[in-house]
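Here's the structure we're looking at; comments come further down.
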Amino acid sequence: MPMAQRVMRVSTPMCLVSFSKSKEYTSKAKVTTKGLTWAVVDITSECSHGCAWCYGGFNDNKGTHVSVEDFKVTLSKLKDMGIKQISMTGGEPTENPNMLEMVELATKDFMVHITSHGEWYKNYADDFARLGVSQVQFNYQGSKRHDGVHQVLGSYLKQVTSIKQSIKADIETVGTVTVGAYNLKDIDSIFKEMSDLGVTRLRVWEATGKGNKWRKDKEAKEIFEICKTSASKLGFNFIQSYDPDFVGHVGTQCPPLSKVGIYVDAKSNLIFCPATEQLLDKPIASFLTDSAKTITSNFNAFIDKELKKGFRCLAREAV
């Protein structure tokens, strides 16, 4: 049950930085292989949680569930485009009533990752393992703040149960923390909680935007350096970065600008990334009406235009 009446607020995030104890993990291939290999695909724009820094304004229950038929069309064109990995997300993907059918379709041709808030009404981990899901990513805010941030009482304990189920099912289990000035002092304890649970990778992103109240004018690099220090205390010393302002052992200076990854929203439209829809007068392309060739051509043209200004975080520019 929600803690309070939720108000939709939108802020913009940056790309992810992750810390791992191992140099080998399923996400690595997409940034060490040349060319377009990765797609983040919304299968719903609905989410029953109310995180105030939500980058896409998904925290309401009046969004759109992608249909199975539309998803099939998107998958076919992604395959034609050479995509190898799909991150199924939203919104909250488990809230699409056809989610498991869609996962089964996706795992036939792609490596599949799932991103979730983890408040599951059933043990999805066993289903994911049976269907061949490679990784589950949980939005983890820690025991101190999780219920307050997500605005759902009891959601933290449910998430911990889901994390344990995912680990038991032998799925690569990752914790993602949205980081800003408001919780930087808690990062040591948040990371330790995840490590103690058996989470294999710690991922962070900061709620960005000049003057954003979550960031409080701290530079992204400063936030990441603090997280790097905290992670290293626990042995998470291998760094993968998708952020242009923070260099890891492996990574890319923004997946779309590097022509590595694309984002497909819940209307089956190609936009630059979930944080920058406001940059576009219209989507770059539609997976429902455009051919794979046209989608690829439009994407390359858009990126080539942006690259004239160099690598940078477009989300930070947009605010």
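Descriptive notes on the structure:
- Residue under evaluation HIS146, criteria (1) part of a strand (DSSP E or B); (2) free of Cβ contacts under 8 Å to residues at least 24 places away in the same chain, criterion not met: (1)
- Test result for LYS192, of a type outside the set (Val, Ile, Thr), at pLDDT 95 or above and under 16 Å from SER230 (Cβ atoms): yes
- Options SER166, SER195: the member that is free of Cβ contacts under 8 Å to residues at least 60 places away in the same chain, hydroxyl-bearing (Ser, Thr, Tyr), under 27 Å from ALA129 (Cβ atoms) and in contact with a Leu (Cβ under 8 Å, 6 or more places away or on another chain): SER195
- Of everything in the stretch 195-210 that is within 19 Å of the chain's Cα centre (by Cα) and outside any strand (DSSP E or B), the residue that is modelled with the lowest pLDDT is GLY209.
- When each of GLY91, GLY82, GLY118 is tested for being surrounded by fewer than 16 Cβ atoms within 10 Å (Cβ to Cβ) and at positive phi, the lone residue that passes is GLY82.
- Residues within the stretch 219-255 that are in contact with a Gly (Cβ under 7 Å, 6 or more places away or on another chain) and assigned to a loop (DSSP other than H, G, I, E, B), tallied: 2
- Subset of the stretch 15-53 [in a loop (DSSP other than H, G, I, E, B), at pLDDT 70 or above and of a type in the set (Val, Ile, Thr)]: THR37, ILE43
- A search for C-beta distances below 7 Å between a residue of the stretch 244-263 that is closer than 14 Å to ASN300 by Cβ and any residue that is among the aliphatic types (A, V, I, L, M) and crowded, with 23+ Cβ neighbours inside 10 Å, counting only pairs 6+ apart in sequence or on different chains, returns PRO256/ILE262; GLY261/ALA39; ILE262/ALA39; ILE262/LEU270.
- Test: residue in the stretch 166-173 that is under 17 Å from the mean Cα position of the chain (by Cα), among the charged types (D, E, K, R) and assigned to a strand (DSSP E or B): yes
Residue-by-condition table, conditions (1) modelled with pLDDT under 85; (2) in contact with a strand residue (DSSP E or B) (Cβ under 9 Å, 6 or more places away or on another chain):
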{"residue": "THR229", "(1), (2)": "no, no"}
{"residue": "LYS233", "(1), (2)": "no, no"}
{"residue": "VAL260", "(1), (2)": "no, yes"}
{"residue": "LEU270", "(1), (2)": "no, yes"}
{"residue": "ASP281", "(1), (2)": "yes, no"}
{"residue": "PHE287", "(1), (2)": "no, yes"}
{"residue": "ALA315", "(1), (2)": "yes, yes"}
{"residue": "ALA318", "(1), (2)": "yes, yes"}
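- Every pair of residues 6+ apart whose Cβ atoms lie under 7 Å, when the first sits in the stretch 218-229 and is small (Gly, Ala, Ser) while the second is assigned to a loop (DSSP other than H, G, I, E, B): ALA220/MET14; ALA220/ASP243; ALA220/ASP245; ALA220/PHE246
- Residue pairs whose Cβ atoms lie under 6 Å apart, separated by 6 or more positions or on different chains, with the first residue in the stretch 174-188 and surrounded by fewer than 18 Cβ atoms within 10 Å (Cβ to Cβ) and the second of a type in the set (Ser, Thr, Tyr), are ASP188/SER230.
- Total residues in the stretch 81-104, condition assigned to a helix (DSSP H, G or I) and more than 21 Å from GLY63 (Cβ to Cβ): 1
The values are calculated or read from the model by the stated rules, or taken from the named source; none is laboratory data. Given the structure is predicted, the values throughout are model-derived calculations rather than measurements. Glycine also receives a Cβ, built like all others from the backbone with ideal geometry; neighbour counts cover every protein chain displayed.
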